[in-house]
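Trainee: Right, I'll just put the structure down here and ask away after.
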Amino acid sequence: MTATRRVLPLLAALALAPLAISPAHAGDVEKGEHIRISEEMRKLASRNAWSAVEASFKRLEELETKGEVISYKEFMLGATAARSLGDMTASRSRVERASKLDPTKEALDWLSDVDSNFGKVDITFDAKYTGERTLVATVPPFAPDQRASLTFAAAQIAAGKPYTGLLPAGEYSIGGQTVSVATGEKVAALRLGPPPSAAKQGFALAYVGPRAQLGVAFTTAGDVDNGSLSSDSGLQAGAFSGSGARLGVGLEVGFSQNFGVIAEVGYHDLFGAPSRAGETLEDRQEYLTSGNSLHLGYGWLAANLRFGNLWIAAGPIWSAGGGVVTGLDDGCLDGGCGDFAGLGDDGESYQRLAGDIKMGGGAASLSYALVDLGSLKGALTVEGGVQSDSLRTYPWGQVAFTIAPSASRRKE
Amino acid sequence: MTLALTLALTLTAQAAEVSWVGGGHAGNPQWSPDGSWLAFEVNNNADKVDLYVVKVANGNPSTPQKIVLPGSSSSFTAGGSYAANPNWHPRGPVLFEAANPGGLTRLYFLSPGGSSPAEYLSVTQAPGNLAWPTISPDGSTLAFTSSATGAGDIYVFTPATNKVTKTFASDTPENAPRFSPDGKTLVFSKKNYGTEDIFTQVLGTNAQTPLKGGNGDQSRPRYAKVDVVYFTNERGDEHWDIGAIPAAGGERRIVAQDIRLPLRSQPALSPDGSAVVYSSSAPAKDGSVYVTKLDGSGTKEIKTGLNAVGDATMVSAGGRTFLSFTALPTSGSDWRQLHIIDVTGQI
């Protein structure tokens with residue numbers, strides 16, 4: 001009897017042990033609830049009350065964890081509810097489970113339809129993202145399930161959540177970025193990052209680009225300022241002038257659509273015939289005249305104002321180079337720059353002088369843009385400047401063709 | 001078996017009959033724009049109308065698929081259910097009006113060969129009974145009628161904006177809207193002094209313009225190139241004719257007399273839109289389909305060898321021209337069946 005008392009609990013425990021480790025089995029309560037919910041789903045569906053059908057299906061899913069088995073028809077109804085609410089990811093999953101229970105043509109056609117019209121997408125946001133959260137389809141879909149799925153994803157994103165799931169194949173934009181969703185297994189991923197820092201925003205440039213200029217220039221070197229001459233001045237050339245080429249390259253940076261700065265370096269030359277008292281110096285038997293020439297490199301820094309196609313720039317300019325000139329300055333002839341007696345008038349006029357020049361001053365240009373060259377514009381420019389080497393001034397003027405960046409807003 | 005043999009001997013070699021399980025009168029066949037699908041209704045006189053779609057390859061129909069509405073485990077087999085008035089989207093899917101027993105008539109959308117139909121507009125977006133769906137030629141806009149206000153107004157829905165807009169508020173119901181070729185104007189019929197007249201409305205305006213009135217009903221209009229064609233019984237209730245009037249207004253002309261009024265559709269057109277396609281109500285002529293040019297240049301007769309031909313529609317597909325129609329067999333009192341004939345070169 002005692003032995004029996006000891007053995008019975010053990011036998012009972014052994015008998016119950018398989019139940020403890022086996023999957024859950026539904027009880028009568030769960031079965032009854034299943035029947036009631038299933039019937040309720042069918043009635044709700046006949047009235048197109050899909051939100052309620054979805055809620056009922058989720059209760060069925062809870063019962064499934066307790067051992068109830070969801071039927072093919074229930075899965076298909078749940079799939080229809082999810083589709084009506086736009087949750088195509090859940091809808092496809094339910095159709096797939098239904099097709100595994102019973103691979104009907106209806107279920108397989110449905111899966112094929114989803115797979116040939118929808119693609120996978122993963123839209124996520126950085127924790128610091130503060131931009132807009134409006135998901136927009138480039139081409140709005142016509143089919144109701146596709147429209148509903150777009151609405152579903154857009155609502156989730158607008159609520160501050162990421163969206164990972166199905167969307168109709170096509171292109172979408174959000175926060176100024178686009179993502180292209182294609183059918184198949186490939187997941188279209190888009191992560192929206194933090195906003196540009198305030199400092200970066202402060203330095204945002206309206207435009208930036210290369211600048212080039214090529215034209216013809218007329219340059220004059222005036223008479224030496226006699227007051228500046230001294231016995232230490234050395235020989236100084238007389239006034240001379242001539243035309244030549246002027247070309248430059250550089251960079252133009254726009255801080256706004258209307259204002260920018262120009263940094264330009266270039267080459268400026270002059271070629272002219274020697275003259276005396278306003279007349280061209282003739283060759284003489286004992287003197288052969290040689291042409292005047294000037295070769296300068298320059299650097300120009302200018303502020304640039306833009307009024308549509310009309311551009312106005314002005315700023316300081318520095319030049320350095322060398323030249324060869326025939327004829328002395330009148331002041332030197334009068335002894336202002338040292339004792340060079342004995343040269344004689346003709347000798348002074350035909351004196352050949354070579355030397356270095358360094359001069360500074362200002363230059364201004366007026367340009368009118370005539371042609372679009374993609375991100376650049378071509379303009380006709382009239383430019384002039386006045387520079388000085390402390391002994392004399394060098395006014396010059398130029399007509400040129402200029403290429404400069406377009407002021408249309410730069411793409412980020 | 002005897003019946004099938006009779007049909008085979010009577011029809012041309014290219015003829016095909018669409019067969020489905022269960023009885024009922026076939027009606028209102030509508031071709032998809034590419035001619036690869038045909039939607040049609042079946043009415044078995046049991047207080048319900050079923051809608052079927054059938055894939056057609058080179059004029060040969062496969063087994064029709066009955067459209068089963070979501071939420072109806074037995075589809076429309078219960079009494080009082082209704083699915084009708086199919087209207088194809090230019091890119092393939094079909095819209096139709098349908099109701100579960102005792103429910104509202106709503107618009108549904110189906111991609112044939114794909115998933116089950118889905119309700120196109122929610123009750124929140126478009127309340128009431130919805131009917132007469134029609135899609136703009138570019139597929140961007142849907143027009144339909146709604147009973148929401150009790151007056152049967154026309155509404156338009158644009159997927160791009162996801163908005164439903166009433167085109168015009170009137171006390172009398174509008175019916176059977178159709179888009180102009182450029183999609184900017186609707187033509188429709190509405191009650192006017194007791195009978196149906198034809199009106200147009202440029203979308204975005206709040207003005208309806210009378211196009212054709214007169215004796216009897218002028219109904220179910222549609223654009224056909226520069227004309228609007230419509231059904232009229234201006235000669236009396238026993239006589240239905242097809243009228244045509246320039247869409248810009250002008251004199252109406254009768255292009256066909258004593259036609260068999262289709263079940264639900266507008267006048268059928270030839271694939272190029274230059275002719276109307278119809279059958280006759282006259283017993284001596286009701287075994288043929290007629291194709292009458294709208295410019296008055298002539299009428300072609302296509303003999304079918306069947307009786308009481310109706311609901312003729314035509315499509316061009318793969319370089320061939322196919323005609324579908326319903327008809328009664330030459331003998332017996334069977335259901336009205338759906339037939340497809342290759343009429344390439346006959347019009």
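The values are calculated or read from the model by the stated rules, or taken from the named source; none is laboratory data. Keep in mind that what you see is a predicted model, and the values were worked out from it rather than measured. Please note: Cβ atoms are built from the backbone with ideal geometry, for glycine as well, and neighbour counts cover all protein chains shown. The area values use the complete protein model at the heavy-atom level, side chains included, leaving out ligands, DNA and RNA. Shrake-Rupley method; radii C 1.70, N 1.55, O 1.52, S 1.80 Å.
Trainee: Across the stretch B:186-208, what is the total count of residues that are without any contact (Cβ under 8 Å) to a residue 60 or more places away in the chain, assigned to a strand (DSSP E or B) and within 23 Å of B:Thr158 (Cβ to Cβ)?
Mentor: Summing the residues that are without any contact (Cβ under 8 Å) to a residue 60 or more places away in the chain, assigned to a strand (DSSP E or B) and within 23 Å of B:Thr158 (Cβ to Cβ) in the stretch B:186-208 gives 8.
Trainee: Return the residues of the stretch A:134-158 that are without any contact (Cβ under 8 Å) to a residue 60 or more places away in the chain, within 14 Å of another protein chain (Cβ to nearest Cβ), among the polar types (S, T, N, Q) and open to solvent by less than 60 Å² (accessible area, probe 1.4 Å); say none if nothing qualifies.
Mentor: If the condition is that a residue be without any contact (Cβ under 8 Å) to a residue 60 or more places away in the chain, within 14 Å of another protein chain (Cβ to nearest Cβ), among the polar types (S, T, N, Q) and open to solvent by less than 60 Å² (accessible area, probe 1.4 Å), then A:Gln146 is the only one that fits.
Trainee: Across the stretch B:24-46, what is the number of residues that are more than 25 Å from B:Pro329 (Cβ to Cβ) and surrounded by fewer than 22 Cβ atoms within 10 Å (Cβ to Cβ)?
Mentor: The qualifying residues number 4.
Trainee: Right, here's the next one. Identify the single condition in (1) open to solvent by less than 80 Å² (accessible area, probe 1.4 Å); (2) outside any strand (DSSP E or B) that A:Asp223 does not satisfy, given that it satisfies every other one.
Mentor: (1)
Trainee: Quick one: A:Thr124 ticks every box in (1) more than 30 Å from A:Arg191 (Cβ to Cβ); (2) of a type in the set (S, T, N, Q); (3) more than 11 Å from chain B (Cβ to nearest Cβ) bar one, so which box is it?
Mentor: The failed condition is (1).
Trainee: Name the residues in the stretch A:28-51 that are touching an Asp or Glu at 6+ places or on another chain (Cβ under 8 Å) and within 14 Å of another protein chain (Cβ to nearest Cβ), would you?
Mentor: A:Ser38, A:Met41, A:Asn48 - these are the residues of the stretch A:28-51 that are touching an Asp or Glu at 6+ places or on another chain (Cβ under 8 Å) and within 14 Å of another protein chain (Cβ to nearest Cβ).
Trainee: Here is a further query. Before we move on, is A:Val69 surrounded by fewer than 24 Cβ atoms within 10 Å (Cβ to Cβ) and hydrophobic (A, V, I, L, M, F, W, C)? Walk me through it before giving the result.
Mentor: Details: surrounded by fewer than 24 Cβ atoms within 10 Å (Cβ to Cβ): yes; hydrophobic (A, V, I, L, M, F, W, C): yes.
Taking the combined requirement at face value, the residue satisfies it.
Trainee: Is it the case, given these coordinates, that B:Asn100 is at pLDDT below 90, over 19 Å from the mean Cα position of the chain (by Cα) and farther than 27 Å from B:Lys48 by Cα? Explain how you work it out, then say what you get.
Mentor: On the way: at pLDDT below 90: yes; over 19 Å from the mean Cα position of the chain (by Cα): yes; farther than 27 Å from B:Lys48 by Cα: no.
Spelling it out, it is not the case that B:Asn100 is at pLDDT below 90, over 19 Å from the mean Cα position of the chain (by Cα) and farther than 27 Å from B:Lys48 by Cα.
Trainee: Among the numbered conditions (1) more than 13 Å from chain B (Cβ to nearest Cβ); (2) β-branched (Val, Ile, Thr); (3) closer than 30 Å to A:Gly184 by Cβ, tell me where A:Thr65 comes up short.
Mentor: Checking A:Thr65 against (1) more than 13 Å from chain B (Cβ to nearest Cβ); (2) β-branched (Val, Ile, Thr); (3) closer than 30 Å to A:Gly184 by Cβ, the one that fails is (3).
Quick grid of which residues meet (1) more than 35 Å from the chain's Cα centre (by Cα); (2) in a loop (DSSP other than H, G, I, E, B); (3) at the interface with another protein chain (Cβ under 9 Å from one of its Cβ atoms):
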| residue | (1), (2), (3) |
| --- | --- |
| A:Arg83 | yes, no, yes |
| A:Ala98 | yes, no, no |
| A:Glu106 | yes, no, yes |
| A:Glu132 | no, yes, no |
| A:Gly160 | no, yes, no |
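Trainee: Can you spot a residue in the stretch A:90-102 that is among the β-branched types (Val, Ile, Thr) and open to solvent by 40 Å² or more (accessible area, probe 1.4 Å)?
Mentor: Step one: of the stretch A:90-102, the residues among the β-branched types (Val, Ile, Thr) are A:95.
Remaining after also requiring open to solvent by 40 Å² or more (accessible area, probe 1.4 Å): none.
No, the conditions are met nowhere in the stretch A:90-102.
Trainee: Under the condition of being of a type in the set (Val, Ile, Thr) and part of a strand (DSSP E or B), which residue from the stretch B:209-238 is nearest to the chain's Cα centre (by Cα)? Working first, answer last.
Mentor: Here is the first cut: in the stretch B:209-238, the ones of a type in the set (Val, Ile, Thr) are B:209, B:226, B:228-229, B:232.
Narrowing further to those that are part of a strand (DSSP E or B): B:209, B:228-229, B:232.
Values: B:Thr209: 24, B:Val228: 16, B:Val229: 14, B:Thr232: 16 Å.
If we take residues in the stretch B:209-238 being of a type in the set (Val, Ile, Thr) and part of a strand (DSSP E or B), then B:Val229 is nearest to the chain's Cα centre (by Cα).
Listed here are the residues, each with its yes/no results for (1) among the charged types (D, E, K, R); (2) more than 11 Å from every other protein chain (Cβ to nearest Cβ); (3) touching a Phe, Trp or Tyr at 6+ places or on another chain (Cβ under 8 Å); (4) surrounded by fewer than 18 Cβ atoms within 10 Å (Cβ to Cβ).
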site: B:Ile67; (1), (2), (3), (4): no, yes, yes, no
site: B:Leu110; (1), (2), (3), (4): no, no, yes, no
site: B:Ser115; (1), (2), (3), (4): no, no, yes, no
site: B:Leu121; (1), (2), (3), (4): no, no, yes, no
site: B:Asp138; (1), (2), (3), (4): yes, no, no, yes
site: B:Gly150; (1), (2), (3), (4): no, yes, no, yes
site: B:Phe157; (1), (2), (3), (4): no, no, yes, no
site: B:Lys166; (1), (2), (3), (4): yes, yes, yes, yes
site: B:Arg178; (1), (2), (3), (4): yes, yes, yes, no
